[in-house]
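Novice: What follows is a single structure, and I will ask about it in a moment.
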């Protein structure tokens, strides 16, 4: 096990502790060197996008893999994450399904083709609440190891999936993702900082506003 660096003397650190809460103990500018280049940190703001577990794994202090997650019944989570990451469409589309993630989620939630929108929403919400912590993604280029699927949606700018999860199905995203130590609202706010000055900043602000209109909260408000 690697020795703790001098600046890592942090009381009561937990694997899921968000790095933004460690600011007075941890100098984010030193992470790149300590982690041997395994994590690229351009500025202190970028630290908001990583959990302490990610950094600790790079230092060899904990396993790089999170605890195994039980997959939701009837869902190939890897396929679902891939479908969102690549925004895969189906062919031919149906009146209610254009994207593969919609087909996967509707089938898993027991949605029938002729279900009205209210019934679709109700079934999706019930399925989501029973399984939301099990939707964990590890896509190539995804900055969050074992991140929640909504975290992936935001980072990959999968707009149709975002509209489905947050607006059409109105899924509850007011929970802390153990991989980041943040709620979805806090994660998108961190993304706004990380993408400042780019076109992604504008889209992330749109995501933030939609989340707020749909009742999204910070961890301190839960």
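The values are calculated or read from the model by the stated rules, or taken from the named source; none is laboratory data. This is a predicted model, so every value here is computed, not measured. In this analysis, Cβ positions are derived from the backbone assuming ideal geometry, glycine residues included, and neighbour counts consider all displayed protein chains.
Novice: Conditions: (1) outside any helix (DSSP H, G or I); (2) surrounded by fewer than 17 Cβ atoms within 10 Å (Cβ to Cβ). Residue 144 meets all but one. Number of the miss?
Specialist: Going through (1) outside any helix (DSSP H, G or I); (2) surrounded by fewer than 17 Cβ atoms within 10 Å (Cβ to Cβ) one by one, residue 144 breaks only (2).
Residue by residue, here is whether (1) out of contact with any strand residue (DSSP E or B) (no Cβ under 7 Å at 6 or more places or on another chain); (2) surrounded by fewer than 16 Cβ atoms within 10 Å (Cβ to Cβ); (3) under 16 Å from residue 80 (Cα atoms) holds:
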residue: 101; (1), (2), (3): yes, no, yes
residue: 124; (1), (2), (3): yes, no, yes
residue: 127; (1), (2), (3): yes, no, yes
residue: 135; (1), (2), (3): no, no, yes
residue: 138; (1), (2), (3): yes, no, yes
residue: 155; (1), (2), (3): yes, no, yes
residue: 158; (1), (2), (3): yes, no, yes
residue: 164; (1), (2), (3): yes, no, yes
residue: 184; (1), (2), (3): yes, no, no
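Novice: Something else about it: Condition first: surrounded by fewer than 18 Cβ atoms within 10 Å (Cβ to Cβ) and free of Cβ contacts under 8 Å to residues at least 12 places away in the same chain. Can you find one or more residues in region 104-112 that meet it?
Specialist: yes
Novice: When you scan region 190-213, do you find a residue that is touching a strand residue (DSSP E or B) at 6+ places or on another chain (Cβ under 9 Å), surrounded by 17 or more Cβ atoms within 10 Å (Cβ to Cβ) and assigned by TED's automatic domain parsing to the domain that holds residue 96, even just one?
Specialist: yes
Novice: Considering (1) outside any helix (DSSP H, G or I); (2) surrounded by 14 or more Cβ atoms within 10 Å (Cβ to Cβ), say which one residue 150 fails and leave the rest.
Specialist: (1)
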